Amino acid sequence: MKQTLLQSWQDSNWPTIKSSKPLETGDGVIDQRTFNTIEVDQLFEAVNYASTMVGQAVLFRSLTQPLDTLDPIKAKQQAVEELRNNPALKEQLERIVQHAIPDEKNFYLLLFGEFLGTFGTAREEHEIEGYGYLQYKRGIRFMLELVDQIQAAEAPQSDYLKGIFEQIKAFSESRPYSLMEGPVYIVENNLQCKEQRKASFSPTIIFKPRLFKPLLITLFFGAIWALAHFFPTDMFKVSVEAIPTATIFLVPLLLVYFPIVGGFDRDSCIIPLRNEFKKSPAVADTLDALGKLDELLSFIKFSEAFGGSHVLPELIDATHHRINLVDAMNPVLGKQNPDYVGNDFVLDDDKLVLVTGPNSGGKTAFCKTVTQIQLLAQIGCYVPAKSAILTVADRIFYQAPEISHLDDGEGRFGTELKRTKDIFLAATPKSLVILDELSEGTTFEEKMESSSNVLNGFYRKGNSTILITHNHQLVDHFVAQGTGLPRQVEFANDAPTYKLVTGISRVSHADRVAKKIGFSKEDIDNYLADSQ
């Protein structure tokens, strides 16, 4: 079960949007290496239209730990469709989310803020001036008004939205809600809500979140009057003429009153209350529910802002991974880019696709498109394509050379092979595996043998495998076996068209790239001539 966001923030000084992390290799849909390689951070920035901090954090968590079963994803899709087809409900939820924004940070300040003391001045967003009365009132208002608005909202029809509504409404039955609603009773160093108080008859103090307490002040001056009335002495004989003089004692009394009363409320009420709220599963679930509403609205806003074809993918059940995309575009690079070239891609009963082509022809961009679309599909989001039919991948792996991850004593070949082994052991027939070159750092003959062994192993496992390679001899081998589909990125007039077409590329256009960056044979000759 996923951690709630409030749980993930417990050890932080302040809540952060990107607090969620991918699980270890084989434990989640994606691992950290895949997360980095397919640029999930950039994907998040492209999709993120959430208005609240908790909404953004829920969206980021979805991308780092996507769903791996069919029914929950379909439930989210149905919720998105309901909002798209019911503008009144969508506008209502947008108002609820927008209404939550002003006091959201005040709630986090209440839970995580640092008290500065009586005369401290807040200079940072996490600092609290005075005794915390203002932050307490604004913070609990955020939660109470959220519940009120959901209770008054139109009831949704989709199960996912119903579940979110019920999750927020259930908060009204919790002890933290009752404490927020008040009154709060202080009984023998313990805090009680009104329901608990009904069964108790012990002496109590009622907490009011304000410094000036009329009853307390009245009792104070009443005590002075009683002393003067029942124990008349020269000490309590104050003439009318002496009253203006007596008022000079008011300031010292206030200097004593403020720290005693304010400090008591802060230490005995506000801090214990915030500690209870901070650790409350009911509070955590309610926050997450608000974030889930905002996430759904973000999906719709992303689809409207993308500027190209978009669709909620059709999710199917199958014994092994399948994918069928029409005019698929990269969610990051294709956004607001009318010149971006979309591609069709089908991997159905076949299990192995081998992609060849010259450098800078779009092989890597295409493979990242496939993985990013698969990831968006598994969080219930729209994907940039004219149509998309997918199975749910239990694992998405993307292996690319990472020199910074070289293991001591293993070299590039050994380091890469370790990563490939981890992926192979974790993959199942329902997995999607992208491999960017194989068996680098060894001889051509050993590269052919090792790559063939690895690809045969994945093929026998039954998962979908896409290999990016310049090794056309390797592609020839698998095409001859009838176990691999050859695809290449198209070039026309010595320039990439960024279309994926059938075939095998047998050239790398290395000289074209060298000329583009100014390091061809002619450039080298010129540099040497200029230096002499």
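Just so you know, all these numbers are worked out from the coordinates, no wet-lab data involved. Predicted, not measured: the structure shown is a model, and the values here were computed from it. Using ideal geometry, Cβ is built from the backbone for each residue, glycine included, and neighbour counts are taken over all protein chains shown.
Assorted remarks:
- Footprinting exposure proxy ranking of Ile373, Ile271, fewest other C-beta atoms within 10 angstrom first, gives Ile271, Ile373.
- Ranking of Arg175, Arg61 by count of other Cβ atoms within 10 Å, fewest first: Arg175, Arg61
- Helix 133-152 axis, angle to the chain major axis (alpha carbon atoms, nearest 10°): 60 degrees
- Residues whose placed amide H lies under 5 Å from that of Ile468, excluding near-sequence neighbours: Val355, Leu435, Asp436, Glu437
- Where only DSSP H runs of four or more residues are counted, the chain gives -15500 deg cm²/dmol as its mean residue ellipticity at 222 nm, each run worth -39500 (n - 2.57).
- Exceeding the 22 Å Cα-Cα cut-off - candidates Lys74/Lys279; Lys2/Lys368; Lys137/Lys208; Lys351/Lys421; Lys368/Lys430; Lys169/Lys279: Lys74/Lys279; Lys2/Lys368
- C-alpha center-to-center spacing [segment 286-339, segment 472-491] in angstrom: 31 Å
- Charging the Cβ of each Asp and Glu at -1 and of each Lys and Arg at +1, and nothing else, the dipole of the chain about its Cα centre rounds to 1340 debye.
- Rounded tilt (10° steps) of 521-531 against the dominant C-alpha axis of the chain: 70 degrees
- Each peptide in 149-155, 284-290 was scored by the mean count of other Cβ atoms within 10 Å over its residues; highest first, the order is 284-290, 149-155.
- Note: relative contact order over the chain, using C-alpha pairs below 8 Å and six or more positions apart, is 17 percent.
- Amide hydrogen neighbours beyond the local backbone of Thr442, cut-off 5 Å, H modeled: none
- In straight-distance terms, cross-link reach from Lys278 covers every one of the aspartates and glutamates whose alpha-carbon lies under 19 Å from its own, apart from those fewer than eight places away in the same chain; here that gives Asp11, Asp103, Glu104, Glu114, Glu125, Glu127, Glu145, Glu173, Glu181, Asp265, Asp267, Asp288.
- Set against the labelled values (i) 4, 17, 20, 12, 8, 7, 9, 9, 8, 5, 2, 0; (ii) 3, 15, 21, 18, 14, 11, 8, 5, 3, 2, 1, 0; (iii) 3, 17, 29, 28, 15, 6, 1, 0, P(r) over Cα pairs in 10 Å bins from 0, in percent computed from this structure falls on (ii).
- Counting only residues at least eight positions apart within a chain, or on another chain, the lysines with an alpha carbon under 16 Å from that of Lys90 are Lys76, Lys162, Lys292, Lys301.
- Relative to the dominant Cα principal axis of the chain, helix 363-377 is inclined by about 40°.
- Ile128 long-range amide H proximity, modeled H, under 5 Å: Glu114, Phe115, Leu116
- Least to most buried among Leu93, Leu417 (fewest other Cβ within 10 Å first): Leu417, Leu93
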